[in-house]
Amino acid sequence: MDIATIVGLLAGFGLIFTAIQIGGDKGLEPFIDYPSVMITVGGSFAALLINFPLKTCLSTVTVIKKCFISQLPESKALIAKFKNLAIIVRKDGLLALESELDNIDDEFMKRGLEIVIGGADEDQVRNVLETELASIEHRHAVGKNLLDSTGAAAPAFGMIGTLVGLVQMLQSLDDPSKIGKGMAVALLTTLYGAVIANVVCIPLAGKLEARSKEEVACRELMITGITALAKGLAPPVVEDVLVAYLSPNSRQVFQLEKDGN
């Protein structure tokens, strides 16, 4: 669970609601307008349906979930795991890895090991896994585009709502009781569009991009480790090859922990 995403969203909405409560006597009531919600939220979803296939639009919830949940294994744990697997391969051969598959939760890594156990050479393993990684990157890019498109559409529909509200207001100048309603639609649609874009969609798109880069780096480490097993490299060599994926600070920590053990 990514606490930063949750804290950020709660803080963003909390600050807005608190400012509303402090600045007015009627609280949130004046800021609730259903026609404005229809224009901004409904209009943004309509724009998504035009931009993307229905199946892609319906996957929005799955995409957003990645911003809150990260299930990637830590790099240092992966390096230790591959070193242990290399020890097994050196001692009992590649077929001995089959008994280790049940202890591996990551489907990408498990698939790669199954290919190695099946007798594929280094190039075949790398080609299959890199193709799968490219597919993962494509799905992440589509998810980011969904959020970016919503972030662009919401303020635009907010402006449309503003124009609708102004037209309604100008047509009702002879009836003061209708002016307030027109002004509410005019102003609140702009507010809703700005909040949807700048508190939700744009930050989540940035988080999804960061998540994608983290996953790609993790998968590349796995590909290198799996191909090292396919080549039959010695366990210390496998470890040295994979340590190159760590940042300089992480390498120092990894070495200290290794020396401590």
- Message: Let me understand segment 112-261 better: what is its radius of gyration from the alpha carbons, and its Dmax, in angstrom?
- Response: 27.0, 87
- Message: Taking 0.36 nm per residue of sequence separation and subtracting the Cα-Cα distance, how much length would be gained by fully extending the chain between R251 and L101, in nm to one decimal?
- Response: 51.2 nm
- Query: Under 5 Å between amide H atoms, partner at least 5 residues away or on a different chain: which partners does D2 have, H built in plane at 1.01 Å?
  - Reply: I69, S70
- Calculated SAXS-style log₁₀ I(q)/I(0) at q = 0.13 Å⁻¹ - segment 47-147, Debye, Cα scatterers: -0.63
- Considering the options V167, G225, L129, tell which one lies farthest towards the positive end of the dipole of the chain, charges being +1 on Lys and Arg and -1 on Asp and Glu at the Cβ, about the Cα centre. V167
- Mind giving me the FRET efficiency for L163 and L58? R0 is 25 Å, r the Cβ-Cβ distance, nearest 0.05 is fine. 0.25
- Query: Which three lengths, in whole Å and largest first, does the chain cover when its Cα atoms are put on their principal axes?
  - Reply: 91, 41, 28
- Query: What's the angle, to the nearest 10 degrees (0 to 90), between helix 75-92's Cα axis and the longest principal axis of the chain?
  - Reply: 30 degrees
- Query: Given a 1.4 Å probe, how much area per residue of the chain is accessible, in Å²?
  - Reply: 57 Å²
- Would you work out if segment 160-236 is rounded, prolate or oblate? Take a ≥ b ≥ c from the square roots of the eigenvalues of the alpha-carbon gyration tensor; rounded if a/c is under 1.5, else prolate when a/b is larger than b/c, oblate otherwise. prolate
- Query: Considering only protein heavy atoms and a 1.4 Å probe, what is the carbon-and-sulfur percentage of the accessible area of the chain?
  - Reply: 61 percent
- Message: I'd like the accessible area for I136, computed on protein heavy atoms only with a 1.4 Å probe and all protein chains in place. Round to 10 Å², please.
- Response: 10 Å²
- Message: Taking the Cα centre as origin and putting +1 on Lys and Arg beta-carbons and -1 on Asp and Glu beta-carbons, what dipole magnitude results for segment 211-261, to the nearest 20 debye?
- Response: 160 debye
- Loop-resident sites, segment 1-89, for trypsin sites (Lys or Arg not before Pro), counting at most 11 other Cβ within 10 Å (DSSP): K26
- Query: Suppose every K and R has +1 on its Cβ and every D and E has -1 on its Cβ; what is the size of the dipole of the chain about the Cα centre, in Debye to the nearest 20?
  - Reply: 380 debye
- Would you work out which of V199, P248, A86 lies farthest towards the positive end of the dipole of the chain, given +1 charges on the beta-carbon of Lys and Arg and -1 on that of Asp and Glu, about the Cα centre? V199
- Can you pull the one-decimal nm distance between simple spin-label points at E114 and K65, each 7 Å off the Cα toward Cβ? 2.1 nm
- With -39,500 (n - 2.57) per DSSP H segment of 4 or more residues and division by the full residue count of the chain, the 222 nm estimate, nearest 500 deg cm²/dmol, is -25000 deg cm²/dmol
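The values are calculated or read from the model by the stated rules, or taken from the named source; none is laboratory data. Predicted model only: the values in this text are computed from it and were never measured. Cβ atoms come from the backbone with ideal geometry, glycine included; neighbour counts cover every protein chain shown. Ligands, DNA and RNA are stripped out before the accessible areas are found, and what is left, the full protein with its side chains, is counted by its heavy atoms. Shrake-Rupley method; radii C 1.70, N 1.55, O 1.52, S 1.80 Å.
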